Each structure stands twice: as structure tokens, then as C-alpha cells.
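Reviewing the structure listed below.
The values are calculated or read from the model by the stated rules, or taken from the named source; none is laboratory data. Worth saying up front: this structure is predicted, and the values here are computed from it rather than measured. Neighbour counts are summed over all protein chains in view; Cβ atoms, including those assigned to glycine, are modelled from backbone coordinates with ideal geometry. Just the protein is used for accessible areas: all its heavy atoms, side chains included, with ligands, DNA and RNA removed. Shrake-Rupley method; radii C 1.70, N 1.55, O 1.52, S 1.80 Å.
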Amino acid sequence: MSLQDKRKNYIKSIAQNILGPEVSFLAERIPSLPQVAAFLDDPSVTLLQIVLNGSDLTASLAWSSPPAGAREVHFMKTVPQVVTETGMYDQIAVSSSHQNPVAALLSSLSEVYLPSAKSAGDLATQLKELTAALSRSMSREHVGKIRNIADLNNFKDIQSLAEEALFWKELATSSTGLHDPQLFQAKDGAKRISELLTQVSRSFAEAKEVPRMIEALEKAGDSIDQLWKDFDFYSEDRTKHLFRLVTEVLQTWVQTEFASLDPWTGNFAEVKGKLNDSI
């Protein structure tokens, strides 16, 4: 490799971008770390993790959960080979898990791998089943940590409308909060909340054309309004989070809907029609 190893500078640049400006004064150390060299040059080493914990920067060749408040980034080889300067962009996958690693995996499956494997037959079915199982596991874990009404505001790991609906379904059938009057009241309304959110989630999933998506958005608006009016324990912060989840659904749908549409060289009538429908 050249004296100015582009591979090591690539690792350094990615780490700086993900770990944030706090790592800048430590970043110069990254290219000289022995773990970086091992990851790049040893085919048997397939993972590199870099963790920033306050002013302490560490690297390892196995993933471990970072300390509370720390940031981490990990690099994975797509094939067990020596990483080359010309192939590093294809040979290295990058990810980060600042929160619950199961939540990060669930998010990746839902947002990246399921959409990309949509036409992959059995693989798509298996990924869908895995995603559903992880969602159920996350919801049960989340519900199991609830001890009082204030705990309902711990929703940061919920990454989709389906997960939010599943959380309230799990809460309705759990033994959580039997001795807390406020939480018992929330459990009483949890089933209805789950039903409302499941309907919204299903409407989005079935929206294959612009008019159907508009109907789904209207239904989402009506349901969120009902949640806000009928269930005072459904907090303002949780409602804002729900709006963000709806926005992410819309963004993903628009990107998917227009992915195959070329506004510059595509059929004029088709381009015009889709743009008019979207206004």
C-alpha cells in the first residue's frame, strides 16, 4: 500500500462523520490503530468497531455494546478478503448502533432489506417473518420495563407505525400496571389504540397509488386526532413521535413510487400525471 493509505483515511473519514465533531482531535490516531490494520489486511478479520466514550477512543475486532452515552461505528467486510484501495467502497459496509442493537437491526430490516428483497420470493417471506418476530420481542421487552404512567414516554426504540400498534397490543394483554390506577386506565384504552394504529398502518401498506396514499394520510390524521382527544395518557411527545413515523412512511413511499420515473427522459404524460397527483 502507498505511504498515504487511502483505506485507512477512508475509515478515519467515516468515523469522523458518524461519531461527530467531538472525535476530531482524536481522529488522527485512527489510521495508526493496529485494529484498523488487522481489519484491512487480514482476510479472517471481518469486523472493526470504533467507540468514542467522552475523550476516550477505542477500537476492537469484535462488536460489544458501547457504554451509556458513548457513540460507536462498526465496519463489516462484505467478503472475507484483504481490503483494497480500488475495492474498499464495495468491500466495506458501515453501520452504527447508538441505541438498542435489536432496534437498530429491526430498523435496517424494515427500511433497507425488506424493500430491496421485495421480489426475492422465499427470502422476502423469511425476512418479513424475522422482522415481525423482532418487533414482537421489542414490544414485549418495552412493555416489561413499564412500571408507572411516566414510563409510557420511553418510546425512542419504536421505529414504525406497526411497532407502535404492537406495543399497545402487548400492553393491553400484559400484567403490567395492575396496581397503578393511571397505568391500569392506560391498559384499558390500549386495545383501542392498537386497533386504530393497525388500521392506519394497513392503509399505508395497501396504498399502491397516489389517491390511495391520500386516503391513508387522511385516515392517519383522523386517527391521531382521536388518540389526542380520547386518551389523555397518549402524551404530546408521543404524538409528535407518531407524526414523525407517519412522515417517514410518506417519504419512503414517495421515494419508492418515483424511483423508476425519469423526469428528464421518461414519458411526458406519465411524468406529468404522477407530478399532478402528488401536488
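Would you be able to say whether some residue in segment 245-264 is at pLDDT below 85, part of a loop (DSSP other than H, G, I, E, B), aromatic (Phe, Trp, Tyr) and more than 20 Å from Ala162 (Cα to Cα)? Yes.
Among the conditions (1) within 15 Å of Phe233 (Cα to Cα); (2) among the β-branched types (Val, Ile, Thr); (3) within 24 Å of the chain's Cα centre (by Cα), Ile149 misses just one, which is (3).
Which one is most open to solvent (accessible area, probe 1.4 Å), of the residues in segment 194-215 that are under 16 Å from Ala165 (Cα atoms) and among the hydrophobic types (A, V, I, L, M, F, W, C)?
Filtering first and then ranking leaves Ala205.
Residues in segment 1-23 that are out of contact with any Gly (no Cβ under 9 Å at 6 or more places or on another chain), assigned to a helix (DSSP H, G or I), open to solvent by less than 100 Å² (accessible area, probe 1.4 Å) and at pLDDT below 85: Ile18, Leu19, Val23.
Glu141 falls short of the stated requirement of being under 16 Å from the mean Cα position of the chain (by Cα) and either outside any loop (DSSP other than H, G, I, E, B) or under 20 Å from Lys240 (Cβ atoms) (or both). Scanning segment 90-108 finds no residues that are closer than 30 Å to Leu123 by Cα, at pLDDT 90 or above, in contact with a helix residue (DSSP H, G or I) (Cβ under 6 Å, 6 or more places away or on another chain) and outside any strand (DSSP E or B).
So that you can scan it fast, the table gives a plain yes or no per residue for (1) part of a helix (DSSP H, G or I); (2) surrounded by fewer than 16 Cβ atoms within 10 Å (Cβ to Cβ); (3) without any contact (Cβ under 8 Å) to a residue 40 or more places away in the chain:
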| residue | (1), (2), (3) |
| --- | --- |
| Phe25 | no, yes, yes |
| Gln35 | yes, no, yes |
| Leu40 | yes, no, no |
| Leu57 | no, no, yes |
| Ser64 | no, yes, yes |
| Phe75 | no, no, no |
| Thr86 | no, yes, yes |
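The number of residues in segment 181-193 being touching a Lys or Arg at 6+ places or on another chain (Cβ under 9 Å), open to solvent by less than 30 Å² (accessible area, probe 1.4 Å) and farther than 19 Å from Phe243 by Cα comes to 1.
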